[in-house]
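Participant: Quick one: structure below, then a few questions.
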Amino acid sequence: MKPICYMQAFSRVPLVFICLMAIAFGTLAQGTIRGFIKDKETGQSVIFQPIGLVGTQYGTATDENGFYSLTKIPPGTYTIIISSLDYEEITETVSVENDRVIARNYLLEKKIATTDVVEINGDKSDQRNNTNVSVETIRPQDIKRIPGVGGQPDLAQMLTTLPGFISTGDQGGQIYVRGGSPVQNKVLLDGMIVYNAFHSIGLFSVFDTEIIGNADVYTGGFGAQFGGRISSVMDVTTRDGNKREHRGKLSVSPFGANAIVEGPLKKLSEKGSGISYILSVKHSYLDKTSPIIYPYINDGEGLPFSFTDLYGKISFGGNNGSKFNLFGFNFQDAVVNYRALANLSWKNTGVGGNFVIVPATSAVLISGNFAKSRYAITLKEDNLPDRSSSIDGFNFGLDFKYVIKNDVLKYGIEIVGFATDFTTFNPLGVQVQYGQNTTELNLFATYKINRGRWVVEPGFRFQYYGSLSVFSPEPRLSAKFKVNERLRIKGATGIYTQNLMATNSDRDVVNLFYGFLGGPENIQTQFTKPDLAVRDVKNPLQRAIHYILGFEFDITERLNLNVEGYYRDFTQISNTNRNKVFADTPANSDRPDALKKDFVLESGWAAGCDIVFKYEDKRNYVNLVYSLGKVRRWDGFQWYYPVFDRRHNVNVVASRFLGKEKQYELNLRWNLGSGLAFTQTQGYYQPQGVDQGVALDYVTSNSSSLGIQYAGLNEGRLPYYHRLDMGIKRTYKLTNRAKLEVNIGLTNAYNRANVFYIDRVTSERVDQLPFMPNVGINFNY
């Protein structure tokens, strides 16, 4: 590893960028009203809440911290108004003066009753005042519209209904976004990088739905504040514990159980300060219950999954809205055993914190995060050497946000470091081990310009990869043009890079193992392009360029159409070398690198179109998604389709509340996907060992295992996948604080036999989840 010099990295940053950071400590306010809006009952931040000045065009909506800022206000007397259907209206008269920052924090009190009309919130304002290209904002109430397996709605089930998302199955399924592989998706939990957010059974993530405050999912074209991944970003923020009173929830189903407890350590004051805690425990015992409840699965062996998720958080809130959070987690797949085909386990632990600071004399909002985590995975297979991988990482970030009337300036710094330790075997069956350390230094700046019909957000990210001594400038741009009140045209583009790669094989029968590795050093020095021209390889960084164009159309106030077309140019991707036939030894120095290196470079592209119809009112919700896509890869020898290439994908989600008090809820989800690509088995042969040297009698000797002759790379196609899930929930109000929810669900309601895998040696077929009725009970107090 090459030594890292941070001063050298900083010296490459333009002086103008450092000057921007100094703005945070200046007095930029010219008549500013700012503050935080929280729920009076719980102390939670109220996000996307509209706030404005009566009789003026000064208005905004709160962000994910409940923060708002009205700037560049001329001197005078104004009336602040906060209004929505969920909370009692608040008005207050304030006097604005030049060069003065007025702090106003508000605690909103919920209304006793609401009417069955469309909810008025900041979502419409958000659509009109932000570019919002290829981004979905998910809240707990959105996740609960999906039929929960065993009554447990989960973020993993929600993600697979979003445009651009492809899952390879219910069991062992991985999530792919618009032609990118799982390692190219960045997952953040309260600012911490999570290296595995999904359990091996594709129905559950590591996140408890009840502790999620907000999740922003970027499927492409994301801004300069995010980097280190070339496909997508999922930014999950957890909520604070209740600052008023102690609360809890207990859920039980045949799949597992989970419990949440929360409450104040120091109760919420009228000025908004307080200390709270929240603790979540989630455990699956499917490996124990499924053989009894579902004896028809896997010849009576049931579902071989067992996992446990622990998460805890302490929140400190100040009178002026500043806050500080400390959190920790332990996520693990304890047992995953596919009928002796594969035995897998992994564990992810971490601790971290984040904070929001509001300086008294400046209109800037300062936020930051710090975290350290470890992820380790082991895979054991019959007749194959064990594979293992671990990654120890840390990350630190400091962001500055300044609102200038309708414009927003953001800038910041991020430092990421990780050490990887990877043990595997190469295509020749020889065990190999890799260990790497790397550090990334990142600086970014974005400026959102809101002028009339245009919303334009240029940005720039400076990435420095220490172990490679590579400096990567990455411009980003997104824009929206408001044709009229109903129609908006939008687009985005940007350059993205990453140094982290996952080492997996397209030919694994069950694709469970993802070993992590930094940009490999033992990689080819030249790459043959599709036109057969040869270029020199300067570094192993993975690179992609995103191009997105689409529009939003409000057909009615309740029905919205969103269409986006995209093209991704993957100019360089790292991958394991499936074409290796020679050992990388001095004796083979004259052999091409592409035939002897353990890792190689590829290129390719992904193109498609996502169409979304969404209808929503107080009792009904319908979301229809159709995705058309195509993904191609070039490995230096041939074009091929990766295993996640799916041409057509359809998702329908619907829910309806029934009863005067909405005590009944019906929901369903139907998914249809065209066949995924896979490599077929063409035949078998008797491999010969060389352990006896010249004494080997190859005529009479026999090997203890069969060799597999593969057909063309991913030239086969699996059958279409489709599945219907349904659910009904009944809520009983026991007291003012306590309620009981009873839910009944049907997973794979019409028992579609979707293929999971076919054993390459025995040709035995194993299917995905069959028809699975389930019941769950949730008790809230």
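Participant: Return a yes/no flag: does the stretch 663-678 have any residue that is closer than 30 Å to K249 by Cα, of a type in the set (S, T, N, Q), in a strand (DSSP E or B) and at pLDDT 90 or above. Let's see the steps before the verdict.
Facilitator: First, pick out the residues of the stretch 663-678 that are closer than 30 Å to K249 by Cα: 663-670.
Then keep just the ones that are of a type in the set (S, T, N, Q); that gives 663, 667.
Subset that is in a strand (DSSP E or B): 667.
Still in the running and at pLDDT 90 or above: 667.
Within the stretch 663-678, one or more residues are closer than 30 Å to K249 by Cα, of a type in the set (S, T, N, Q), in a strand (DSSP E or B) and at pLDDT 90 or above.
Participant: Same structure again: Would you list the strands (runs of 3 or more DSSP E) that sit entirely within the stretch 441-550 and hold 2 or more residues that are aliphatic (A, V, I, L, M) and touching a residue at least 60 places away in the same chain (Cβ under 8 Å)? Step through it out loud before you land on a result.
Facilitator: On the way: elements: 454-465, 470-482, 487-498, 501-503, 515-517, 526-528, 534-536.
Fully inside the stretch 441-550 and qualifying: 454-465, 470-482, 487-498, 501-503.
Participant: From G604, G608, grab the single residue that is closer than 30 Å to N577 by Cα and either more than 22 Å from the chain's Cα centre (by Cα) or open to solvent by 50 Å² or more (accessible area, probe 1.4 Å) (or both).
Facilitator: Values: G608 fails: either more than 22 Å from the chain's Cα centre (by Cα) or open to solvent by 50 Å² or more (accessible area, probe 1.4 Å) (or both).
Every option except G604 fails the conditions.
Participant: Here's a follow-up. Filter the stretch 138-159 for residues that are open to solvent by 20 Å² or more (accessible area, probe 1.4 Å), touching a residue at least 60 places away in the same chain (Cβ under 8 Å) and out of contact with any helix residue (DSSP H, G or I) (no Cβ under 8 Å at 6 or more places or on another chain) and give the result.
Facilitator: Across the stretch 138-159, the qualifying residues are R139, R145.
Participant: Looking at Y732, Y757, which is the one that is part of a strand (DSSP E or B), hydroxyl-bearing (S, T, Y) and touching a Leu at 6+ places or on another chain (Cβ under 7 Å)?
Facilitator: Numbers: Y757 fails: touching a Leu at 6+ places or on another chain (Cβ under 7 Å).
Going through Y732, Y757 in turn, just one is part of a strand (DSSP E or B), hydroxyl-bearing (S, T, Y) and touching a Leu at 6+ places or on another chain (Cβ under 7 Å): Y732.
Participant: For L769, are the conditions met, namely being surrounded by 13 or more Cβ atoms within 10 Å (Cβ to Cβ), at pLDDT below 90 and within 30 Å of I260 (Cβ to Cβ)? Break it down into steps so the answer makes sense when it comes.
Facilitator: Numbers: surrounded by 13 or more Cβ atoms within 10 Å (Cβ to Cβ): yes; at pLDDT below 90: yes; within 30 Å of I260 (Cβ to Cβ): yes.
The answer is yes for L769.
Participant: Among the residues of the stretch 556-576, are any within 30 Å of Q436 (Cα to Cα), open to solvent by 30 Å² or more (accessible area, probe 1.4 Å) and modelled with pLDDT under 95?
Facilitator: Residues of the stretch 556-576 within 30 Å of Q436 (Cα to Cα): 568-576.
Right, trim to open to solvent by 30 Å² or more (accessible area, probe 1.4 Å) and you get 569, 571, 576.
Checking the rest, the ones that are also modelled with pLDDT under 95 come to 576.
Checked the stretch 556-576: at least one residue is within 30 Å of Q436 (Cα to Cα), open to solvent by 30 Å² or more (accessible area, probe 1.4 Å) and modelled with pLDDT under 95.
Participant: Filtering the stretch 309-340 down to residues that are open to solvent by 40 Å² or more (accessible area, probe 1.4 Å) and among the hydrophobic types (A, V, I, L, M, F, W, C), which residue is nearest to K271 (Cα to Cα)?
Facilitator: Of everything passing the filter in the stretch 309-340, F316 is nearest to K271 (Cα to Cα).
Participant: Out of curiosity, is V54 surrounded by fewer than 19 Cβ atoms within 10 Å (Cβ to Cβ) and either touching a residue at least 12 places away in the same chain (Cβ under 8 Å) or among the hydroxyl-bearing types (S, T, Y) (or both)?
Facilitator: Working: surrounded by fewer than 19 Cβ atoms within 10 Å (Cβ to Cβ): yes; either touching a residue at least 12 places away in the same chain (Cβ under 8 Å) or among the hydroxyl-bearing types (S, T, Y) (or both): yes.
It is true that V54 is surrounded by fewer than 19 Cβ atoms within 10 Å (Cβ to Cβ) and either touching a residue at least 12 places away in the same chain (Cβ under 8 Å) or among the hydroxyl-bearing types (S, T, Y) (or both).
Participant: Contact list please: Cβ distance under 6 Å, first residue in the stretch 83-103 and touching a residue at least 12 places away in the same chain (Cβ under 8 Å) and within 14 Å of K72 (Cα to Cα), second residue open to solvent by 40 Å² or more (accessible area, probe 1.4 Å) and assigned to a strand (DSSP E or B), pairs at least six apart or on different chains.
Facilitator: From residues that are touching a residue at least 12 places away in the same chain (Cβ under 8 Å) and within 14 Å of K72 (Cα to Cα), the pairs are S95/T77.
Participant: For the stretch 64-109, enumerate the residues that are buried (at least 16 other Cβ atoms within 10 Å of the Cβ) and polar (S, T, N, Q).
Facilitator: N65, S69, T71, S84, N105
Participant: Kindly evaluate A583 against the criterion of being farther than 22 Å from P540 by Cα, open to solvent by 30 Å² or more (accessible area, probe 1.4 Å) and not hydroxyl-bearing (S, T, Y).
Facilitator: Numbers: farther than 22 Å from P540 by Cα: no; open to solvent by 30 Å² or more (accessible area, probe 1.4 Å): yes; not hydroxyl-bearing (S, T, Y): yes.
It is false that A583 is farther than 22 Å from P540 by Cα, open to solvent by 30 Å² or more (accessible area, probe 1.4 Å) and not hydroxyl-bearing (S, T, Y).
Participant: Can you say whether V643 is within 21 Å of the chain's Cα centre (by Cα), in a strand (DSSP E or B) and surrounded by 19 or more Cβ atoms within 10 Å (Cβ to Cβ), as far as the supplied structure shows?
Facilitator: Numbers: within 21 Å of the chain's Cα centre (by Cα): yes; in a strand (DSSP E or B): no; surrounded by 19 or more Cβ atoms within 10 Å (Cβ to Cβ): yes.
So V643 does not fit the description; no.
Participant: Something else now. In the stretch 737-748, what residues are more than 28 Å from the chain's Cα centre (by Cα) and surrounded by 14 or more Cβ atoms within 10 Å (Cβ to Cβ)? Walk me through it before giving the result.
Facilitator: First pass over the stretch 737-748, keeping only residues more than 28 Å from the chain's Cα centre (by Cα): 737-742, 744.
Scanning the stretch 737-748 gives K739, L740, E741, V742, I744.
Participant: I'd like to check something: does the stretch 295-308 contain any residue that is touching a Gly at 6+ places or on another chain (Cβ under 8 Å) and open to solvent by 10 Å² or more (accessible area, probe 1.4 Å)?
Facilitator: yes
Participant: A further question follows. Going through the stretch 528-555 one residue at a time, which ones are modelled with pLDDT of 95 or more, aliphatic (A, V, I, L, M) and open to solvent by 70 Å² or more (accessible area, probe 1.4 Å)?
Facilitator: L549
Here's the yes/no breakdown for (1) assigned to a strand (DSSP E or B); (2) within 20 Å of G272 (Cβ to Cβ); (3) modelled with pLDDT under 85:
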| site | (1), (2), (3) |
| --- | --- |
| G43 | no, yes, yes |
| F48 | no, yes, yes |
| I51 | yes, yes, no |
| Q57 | no, no, yes |
| E64 | no, yes, yes |
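Participant: Scanning the stretch 32-49 for residues that are crowded, with 21+ Cβ neighbours inside 10 Å and of a type outside the set (V, I, T), which turns out nearest to the chain's Cα centre (by Cα)?
Facilitator: Among those residues, the one meeting the criterion is S45.
Participant: Restricting to the stretch 353-392, give me the number of residues that are crowded, with 18+ Cβ neighbours inside 10 Å, among the small types (G, A, S) and closer than 30 Å to Y447 by Cβ.
Facilitator: Total satisfying the criteria: 6.
Participant: Here is a further query. Take the residues of the stretch 537-575 that are more than 24 Å from the chain's Cα centre (by Cα) and among the β-branched types (V, I, T): which is farthest from G604 (Cα to Cα)?
Facilitator: By that ranking, first place goes to T556.
Participant: Separate question: Restricting attention to the stretch 618-636, does a residue exist that is among the aliphatic types (A, V, I, L, M), under 26 Å from A654 (Cβ atoms), touching a residue at least 60 places away in the same chain (Cβ under 8 Å) and not in a loop (DSSP other than H, G, I, E, B)? Spell out how you get there, then give the answer.
Facilitator: The initial filter retains those residues of the stretch 618-636 that are among the aliphatic types (A, V, I, L, M), namely 622, 624-625, 628, 631.
Those left that are additionally under 26 Å from A654 (Cβ atoms): 622, 624-625, 628.
Those left that are additionally touching a residue at least 60 places away in the same chain (Cβ under 8 Å): 625.
Next cut, not in a loop (DSSP other than H, G, I, E, B) only: 625.
Yes, because at least one residue in the stretch 618-636 is among the aliphatic types (A, V, I, L, M), under 26 Å from A654 (Cβ atoms), touching a residue at least 60 places away in the same chain (Cβ under 8 Å) and not in a loop (DSSP other than H, G, I, E, B).
Participant: Cβ-Cβ distance below 7 Å, separation of 6 or more or different chains: which pairs start in the stretch 594-606 with a residue that is assigned to a loop (DSSP other than H, G, I, E, B) and end on one that is among the aromatic types (F, W, Y)?
Facilitator: What qualifies is K596/F582.
Participant: Among S505, S469, which is the only one that is of a type in the set (S, T, N, Q) and either open to solvent by 50 Å² or more (accessible area, probe 1.4 Å) or modelled with pLDDT of 95 or more (or both)? I'd like the intermediate steps shown before the answer.
Facilitator: Working: S505 fails: either open to solvent by 50 Å² or more (accessible area, probe 1.4 Å) or modelled with pLDDT of 95 or more (or both).
The unique qualifying residue is S469.
Participant: Which ranges mark the strands (runs of 3 or more DSSP E) fully within the stretch 171-284 that have 2 or more residues being in contact (Cβ under 8 Å) with a residue 40 or more places away in the chain, of a type outside the set (S, T, Y) and open to solvent by 20 Å² or more (accessible area, probe 1.4 Å)?
Facilitator: Working: elements: 175-177, 185-189, 212-218, 232-238, 247-252, 256-266, 274-284.
Filter on the stretch 171-284 gives 212-218, 247-252, 274-284.
Participant: Here's something else I'd like to know. Specify which of the listed residues (A445, A479) is in contact with a Ser or Thr (Cβ under 8 Å, 6 or more places away or on another chain), among the small types (G, A, S) and at pLDDT 90 or above.
Facilitator: Working: A445 fails: in contact with a Ser or Thr (Cβ under 8 Å, 6 or more places away or on another chain).
So the residue among A445, A479 that is in contact with a Ser or Thr (Cβ under 8 Å, 6 or more places away or on another chain), among the small types (G, A, S) and at pLDDT 90 or above is A479.
The values are calculated or read from the model by the stated rules, or taken from the named source; none is laboratory data. Just so we're clear, the structure is a prediction, and the values are computed from it rather than from any experiment. Neighbour counts are summed over all protein chains in view; Cβ atoms, including those assigned to glycine, are modelled from backbone coordinates with ideal geometry. Side chains are part of the model used for accessible areas, which takes the heavy atoms of the whole protein and leaves out ligands, DNA and RNA. Shrake-Rupley method; radii C 1.70, N 1.55, O 1.52, S 1.80 Å.
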